[in-house]
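Engineer: Pasting a structure here, questions to come.
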Amino acid sequence: MADGYYEDEAPLQGFRLSSFRRVLAFGRPYLGVFVLVIVIALVVAGFEIGLPLVFAQVIDAADTGDAERAWLMMPIYAFLVAVLVAAIMAFINLVGGVSARVAHDIRRDSFDRLQDLEFGYFDVRPTGWLMSRLTSDCNKIARIMGWATLDLAWGSATILVVAVVLFLNDFVLASIVMGTVPLLAVAGRWFQVRLLETARLVRKTNSRVTATYNESILGVRTTKTLVQEDNNARDFEAVSARMMNESMAHALYGAAFMPTIGVICSLGVAGALWFGGDHVIAGVITIGILSMFMHFATFLQEPVKEMARQLTMIQSAQASAERITDLLETEPKIRDSEAVLERIAAYGGDEPGLACDGLPNHIRRVRFEGVTFGYKPDRPVLHDFSLAVEPGQTIALVGPTGGGKSTIVSLLCRFYEPTHGRILIDEHDVQDRSLSWYQSRLGIVLQQPHLFTGTVAENIRYGRLDASDDAVAEAAALVRADAFIDRLKDGYQTQVGSGGVLLSTGQKQLIALARAVIADPEIFVMDEATSSVDTETERLIQDAIERVLEKRIAFVIAHRLSTIRSADRILVIQNGRMTESGRHEELLGQNGHYAQLYRDHLVSWDEMQRA
Ligand SMILES: Nc1ncnc2c1ncn2[C@@H]1O[C@H](COP(=O)(O)OP(=O)(O)OP(=O)(O)O)[C@@H](O)[C@H]1O
Ligand SMILES: [Mg+2]
């Protein structure tokens, strides 16, 4: 697996707007909502600033004994508060809603893209890494898009309007109070970055602590038998101590943040008091206005802190934005070529004998022609493989582990594409046929069949979504799965549990077989389970397979002697090459690897099954 896919939280980088270009496009359908949010943010900013102005009026009215003016301020105050409350409720609602919708859209598009990508993409990316793209990255971007819009609009409007109000009243005091803003900004930003980085370190170390716990609990028997307790304790002590230090650093920054901001604000308050007193005495401003200056001297920290926080969050989301962009812009390597797409568009008909690409629907021959393949192109694991198969023929692939059997069937299924050579469907390169048509003609049963959470019927129908209940029952009957399904508590409506845990391996295989045959595939691919099932199920499965394979092209990675023996051709695959090929008796006669395998393994295994 490629390195780098484990590094989820990259350190803060310089800010690049271009990183957000692709994800910002998800906001476009909701532009109206964003504009509304900005308008509401401006209203909130304006009304919040109105409150201290009202206080100033009340104080001045009290100072001059103007009771009428003081009373007049009451309804104005009530009105301001009512509008503020309504506006705050409105924006929480709007921002929450738009974030949820943007997150949904990003998730949907990322998921669609993941579904289109070829197996090779998944080979190098751990499942956990992909899961975080669909969960934490999507949510992070969507949340920031909503809240940052709101906070940045509110914060900048607040600072701007406060500045205007202050400078209109008293230039000197305004310069003192507004002079604290750059200091607040620098301090706010400095602490936010430190807090974010230390929080990340703690999180990272914490996951290491969890992993260590997990390993030592799971591996407790091995540890004890190998007398490794002391080593383990030492390792654990080291990560735990690291986490303690990092947590303490984080706590320290957290503890210093608010007091630092407080000190800067009190500089503004002290300056305003120092010069303000003189100005009141000189009659430049009233006491009410002075109290307003002092209020703003402490209030300004709010918008500055929020903006510093949001800017840091945006910066920290840059890596998420880049990863999502990367995923969305990854073009599937295995997909219909331009020529195929043109042919599909040009044909557009639905004659019974033709596929959507206008070529024959029925497959009469599959041919591998000098196929060489490597998961990494410079390291081939299959060399110059050639083979021709016709309907009704069953090919059994046998050979040592890692030989290349699964690779051959993966290529046949077009999960990967040959590095050299071609795979032909009749006379056409499989790459010149419609991918979705071709894969709909394949029936695949994997070694460990995967069932989805849901009922037995739903799992069978997964092979052809429009299949009727009768068709589901027919497919089950064809593979002889009907007997056991009828015995289940709710028959076809029985829940199989997550991944099919409520069924036995043999039962899962029978359902997977039914799911594969329900679409009436022309090419049947099966990786036989090595895990032993009971003799009765074994016999059922064997019987089922024989009925399924009739008239089809079949590739079976075979472990059971019964399957191998009845195959039309057995291929021995070793080190990426076909070393022997023929029928059971022929291969025994050659006295090569197959004969050896038969003597050492297959016979005894089969006898064991019968025992
Ligand atoms: N996704 C992959 N990425 C990289 N290398 C792979 C991948 N899958 C298989 N290989 C390698 O390709 C070679 C052939 O593997 P393959 O799975 O085809 O063997 P196999 O004959 O099916 O073995 P088994 O009987 O154990 O299933 C092996 O060396 C294996 O390590
Ligand atoms: Mg395999």
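Engineer: Kirkwood Rh, the stretch 126-202, all Cα pairs: how many Å? Let's see the in-between values first.
Structural biologist: Values: mean 1/r = 0.0635 Å⁻¹.
It works out to 15.7 Å.
Engineer: Sticking with this structure for a sec: Run the dipole for the stretch 445-520 about the Cα centre, Lys and Arg Cβ at +1, Asp and Glu Cβ at -1, nothing else charged, and hand back the magnitude in debye, nearest 20.
Structural biologist: Numbers: 7 positive and 9 negative charges, 68 e Å.
Around 320 debye, computed over the stretch 445-520.
Engineer: I need the shape label for the stretch 188-341. Rule: rounded when a/c is under 1.5, else prolate if a/b > b/c, else oblate, with a, b, c from the alpha carbon gyration tensor.
Structural biologist: Numbers: a/c = 6.74, a/b = 1.67, b/c = 4.04.
Cα axes put the stretch 188-341 in the oblate bin.
Engineer: As an exercise, identify the trypsin sites (Lys or Arg not before Pro) in the stretch 320-360 lying in DSSP coil whose Cβ has no more than 14 other Cβ atoms within 10 Å. Before the final figure, lay out each step's value.
Structural biologist: Numbers: sites: R323, K333, R335, R343; in loops: K333, R335.
Of the trypsin sites (Lys or Arg not before Pro), the ones in loops of the stretch 320-360 whose Cβ has at most 14 other Cβ atoms within 10 Å are K333, R335.
Engineer: Using the membrane-span-like helix rule (whole DSSP H runs, Cα extent along the own axis of at least 20 Å, mean Kyte-Doolittle hydropathy at least 0.0), which helices of the chain qualify? Walk me through the intermediate numbers first.
Structural biologist: Values: long enough: 31-64 (50 Å, 2.07); 67-116 (74 Å, 0.72); 138-169 (46 Å, 1.31); 171-218 (70 Å, 0.56); 229-281 (78 Å, 0.38); 301-316 (22 Å, -0.68); 535-549 (21 Å, -0.35).
Span-like helices here: 31-64, 67-116, 138-169, 171-218, 229-281.
Engineer: Also: Which one, L201, Y213, I176, projects farthest toward the positive side of the charge dipole computed for the stretch 151-218 from Cβ point charges (K/R +1, D/E -1)?
Structural biologist: Y213
Engineer: What translational diffusion coefficient, to the nearest whole µm²/s, does the stretch 19-329 have by Stokes-Einstein, given a Kirkwood radius computed over alpha-carbon pairs, a temperature of 20 °C and 1.002 mPa s viscosity? Can you show the working numbers first?
Structural biologist: Numbers: Rh = 23.5 Å.
In µm²/s, the coefficient is 91.
Engineer: Give me the Kirkwood hydrodynamic radius of the stretch 1-157 in Å, from all C-alpha pairs, to one decimal place? Before the final figure, lay out the partial values.
Structural biologist: Values: mean 1/r = 0.0520 Å⁻¹.
Answer for the stretch 1-157: a Kirkwood hydrodynamic radius of 19.2 Å.
Engineer: Right, here's the next one. Any idea how far apart I287 and E427 come out in nm if each label point goes 7 Å out from Cα toward Cβ?
Structural biologist: About 10.5 nm separates the two model spin labels.
Engineer: While we're looking at this one, here's another question. Where in the stretch 423-437 does the label zone of N361 land, with the point 7 angstrom along Cα→C-beta and an amide N cut-off under 14 Å?
Structural biologist: 437
Engineer: Would you mind putting 122-133, 455-466 in packing order, based on average other-beta-carbon counts within 10 Å, highest first?
Structural biologist: Details: 122-133: 14.2, 455-466: 19.2.
Sorting 122-133, 455-466 by mean packing, highest first, produces 455-466, 122-133.
Engineer: Cα extents of the stretch 88-128 along the three principal axes, largest first, in whole Å?
Structural biologist: So the extents along the principal axes, rounded to whole Å, are 48, 18, 7.
Engineer: Which of the chymotrypsin sites (Phe, Trp or Tyr not before Pro) across the stretch 11-111 are loop residues per DSSP, with 16 or fewer other Cβ within 10 Å? Please list the in-between numbers first.
Structural biologist: Numbers: sites: F15, F20, F26, Y30, F34, F47, F55, W71, Y77, F79, F91, F111; in loops: F15.
In loop regions of the stretch 11-111 (DSSP not H, G, I, E or B), the sparsely surrounded chymotrypsin sites (Phe, Trp or Tyr not before Pro) are F15.
Engineer: Where nothing but the Cβ of Lys and Arg (+1) and of Asp and Glu (-1) is charged, how large is the charge dipole of the stretch 19-329 around its Cα centre, in debye to the nearest 20?
Structural biologist: Values: 25 positive and 27 negative charges, 193 e Å.
Its charge dipole is roughly 920 debye.
Engineer: Using only C-alpha atoms and all pairs of different ones, pull out the Kirkwood radius for the chain in Å with one decimal. Could you put the intermediate results ahead of the total?
Structural biologist: Numbers: mean 1/r = 0.0324 Å⁻¹.
One over the average 1/r among Cα pairs gives 30.8 Å for the chain.
Engineer: Give me the Å³ per residue figure for the convex hull around the C-alpha atoms of the stretch 442-557. Provide the component values of the computation, followed by the final result.
Structural biologist: Numbers: hull volume 10.2 nm³, N = 116.
Spread over its residues, the Cα hull of the stretch 442-557 gives 88 Å³ apiece.
Engineer: Separate question: Which whole-percent values make up P(r) of the stretch 356-424 when all C-alpha to C-alpha distances are grouped in 5 Å steps starting at zero?
Structural biologist: It works out to 4, 15, 24, 25, 17, 8, 5, 1, 0, in whole percents.
Engineer: Something else: Please report Rg (one decimal) and Dmax (integer) in Å for the Cα set of the stretch 279-423.
Structural biologist: 33.8, 107
Engineer: Roughly how many percent of the accessible protein surface of the chain is carbon and sulfur, given a 1.4 Å probe and a whole-percent answer? If you can, show how the numbers build up before the last one.
Structural biologist: Values: 18410 of 30840 Å².
Heavy-atom surface of the chain belonging to carbon and sulfur, 1.4 Å probe: 60 percent.
Engineer: Pull out the extension gain between T579 and R16, defined as 0.36 nm times the separation in residues minus the alpha carbon to alpha carbon distance; nm, one decimal. All intermediate terms of the calculation are to be shown ahead of the outcome.
Structural biologist: Working: separation 563, 0.36 × 563 = 202.68 nm, distance 5.61 nm.
Contour length minus Cα-Cα distance gives 197.1 nm.
Engineer: A follow-up question, please. When the chain is fully extended, how far beyond the present Cα-Cα distance does M74 get from F119, taking 0.36 nm per residue of separation? Let's see the in-between values first.
Structural biologist: Numbers: separation 45, 0.36 × 45 = 16.20 nm, distance 6.90 nm.
This chain segment gains 9.3 nm when fully extended.
Engineer: Then there's this: How much length would be gained if the chain were fully extended between D326 and V83, taking 0.36 nm per residue of separation minus their Cα-Cα distance, in nm to one decimal?
Structural biologist: Values: separation 243, 0.36 × 243 = 87.48 nm, distance 4.35 nm.
Taking D326 through V83 to full extension adds about 83.1 nm, to one decimal.
Engineer: If you don't mind, another one. Please report, in debye to the nearest 20, how large the charge dipole of the chain is about its Cα centre when each Lys and Arg carries +1 at its beta carbon and each Asp and Glu carries -1 there. Walk me through the numbers before you get to the answer.
Structural biologist: On the way: 57 positive and 72 negative charges, 160 e Å.
Here the chain has a charge dipole of around 760 debye.
Engineer: Among G506, V456, L478, whose Cα projects farthest towards the positive end of the dipole of the stretch 445-520, with charges put on the beta-carbon of Lys, Arg (+1) and Asp, Glu (-1)?
Structural biologist: Of the options given, the answer is G506.
Engineer: When the distances between all Cα atoms of the stretch 91-170 are binned every 10 Å from zero, what whole-number percent does each bin get?
Structural biologist: Reading the bins upward from 0: 16, 31, 21, 16, 9, 5, 2.
Engineer: Please calculate how many Å² of accessible area the stretch 246-405 carries per residue, with a 1.4 Å probe and no DNA, RNA or ligand atoms counted. Don't jump to the answer; show the numbers that get you there.
Structural biologist: On the way: 7720 Å² over 160 residues.
Normalised by residue count, the accessible surface of the stretch 246-405 is 48 Å².
The values are calculated or read from the model by the stated rules, or taken from the named source; none is laboratory data. Treat the numbers as computed from the prediction; the structure is a model and nothing was measured. Every residue, glycine among them, receives a Cβ derived from its backbone with ideal geometry; neighbour counts consider all protein chains shown. Heavy atoms of the whole protein, side chains included, go into the accessibility calculation; ligands, DNA and RNA do not. Shrake-Rupley method; radii C 1.70, N 1.55, O 1.52, S 1.80 Å.
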